1. Can you name every residue in the stretch 1-54 that is among the basic types (Lys, Arg) and part of a strand (DSSP E or B)?
2. Does the stretch 55-69 hold any residues that are in contact with a Phe, Trp or Tyr (Cβ under 8 Å, 6 or more places away or on another chain) and either surrounded by 15 or more Cβ atoms within 10 Å (Cβ to Cβ) or outside any loop (DSSP other than H, G, I, E, B) (or both), and which are they?
3. If I go through the stretch 22-44 residue by residue, how many of them are of a type in the set (S, T, N, Q) and in contact (Cβ under 8 Å) with a residue 24 or more places away in the chain?
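Just so you know, all these numbers are worked out from the coordinates, no wet-lab data involved. Just so we're clear, the structure is a prediction, and the values are computed from it rather than from any experiment. Heads up, the Cβs are rebuilt from the backbone with ideal geometry, glycines too, and the neighbour counts pull from every protein chain shown.
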Amino acid sequence: MYTSARTWTTDFVILKVESKEVPGFKNENGKAAMWQATFASPSRQEYRTYTYAIAAVPPDIYKGVVVGGPEPWNGTYTRSAMPIQISEFSVDSDAAYQAAARMRPPG
């Protein structure tokens, strides 16, 4: 998704990343069969939603990266839409998940 977003514009910011459910696949251990990310471009004043799925499940889920159409965005950040700086991440997602799972209280 990141590579596709860079093809669209180089000034994008990541507003949201979330895992999604795919019928027939189980999300566990910090891994998901489908991810959705929202990238916004301050210079274009628009955002796009990108999805990546490991398998196709017709009629709505397509394998690979799917790019949504542009939507207007005024560049305003809200509590639910703050940009994520990729440079702030230095830990592999699998390692981060394992560390978080060890810190979770029992129960």
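1. Correct list: 16, 20, 31, 48.
2. Within the stretch 55-69, 64, 65, 66, 67 qualify.
3. 4
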